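The values are calculated or read from the model by the stated rules, or taken from the named source; none is laboratory data. Only a predicted model underlies this, so the values are computations on that prediction, with no experimental measurement involved. Here the Cβ positions follow ideal geometry from the backbone for every residue, glycine too, while neighbour counts run over all protein chains shown.
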Amino acid sequence: PLGDYFFDNEVNGLPNNPAYMVDFSTVYFTDKMSFVDRLINTVDLIGCTALSYYYISVNQQLADELAIYPGWETRPPIANLISDMALVLVNSHHSVGYSYPKAPHV
């Protein structure tokens with residue numbers, strides 16, 4: 001089964017616990033991980049989160065340089081736009097993947 005993407009959980013305020021939640025990049029893990037597997041999953045969480053925040057800042061710079069239109073100065077930052085999702089669609093089901101706590105909008 002393919003896990004969730006850690007950063008999607010991060011920006012939407014969803015539970016994001018690498019002790020029992022598998023990321024899509026550590027797909028070879030199961031929900032029953034050893035200590036070393038949990039440690040690798042935690043390092044992956046930190047790396048994916050840091051890289052995602054870096055790419056948000058790069059995309060913000062590109063948007064500020066290239067997307068210039070009347071009133072662009074009042075445009076909210078990309079980080080605010082990403083975290084302002086009312087609905088998150090995931091392609092998962094507890095019968096074919098691992099069950100995790102999810103918010104009602106997922």
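Restricting attention to the stretch 68-81, does a residue exist that is under 19 Å from Gly13 (Cα atoms) and modelled with pLDDT under 80?
No, the stretch 68-81 contains no residue that is under 19 Å from Gly13 (Cα atoms) and modelled with pLDDT under 80.
Just give me the residues in the stretch 1-37 being at pLDDT below 75, closer than 16 Å to Gly47 by Cβ and of a type in the set (A, V, I, L, M), in sequence order.
Residue satisfying the conditions is Val27 alone.
Inside the stretch 51-77, can you point out the residues that are surrounded by fewer than 11 Cβ atoms within 10 Å (Cβ to Cβ) and of a type in the set (Gly, Ala, Ser)?
Scanning the stretch 51-77 gives Ala67, Gly71.
List the helices (runs of 4 or more DSSP H) inside the stretch 1-91, counting only whole elements, that have at least 2 residues being farther than 22 Å from Pro101 by Cβ and either polar (S, T, N, Q) or without any contact (Cβ under 8 Å) to a residue 60 or more places away in the chain (or both).
Fully inside the stretch 1-91 and qualifying: 35-66, 78-82.
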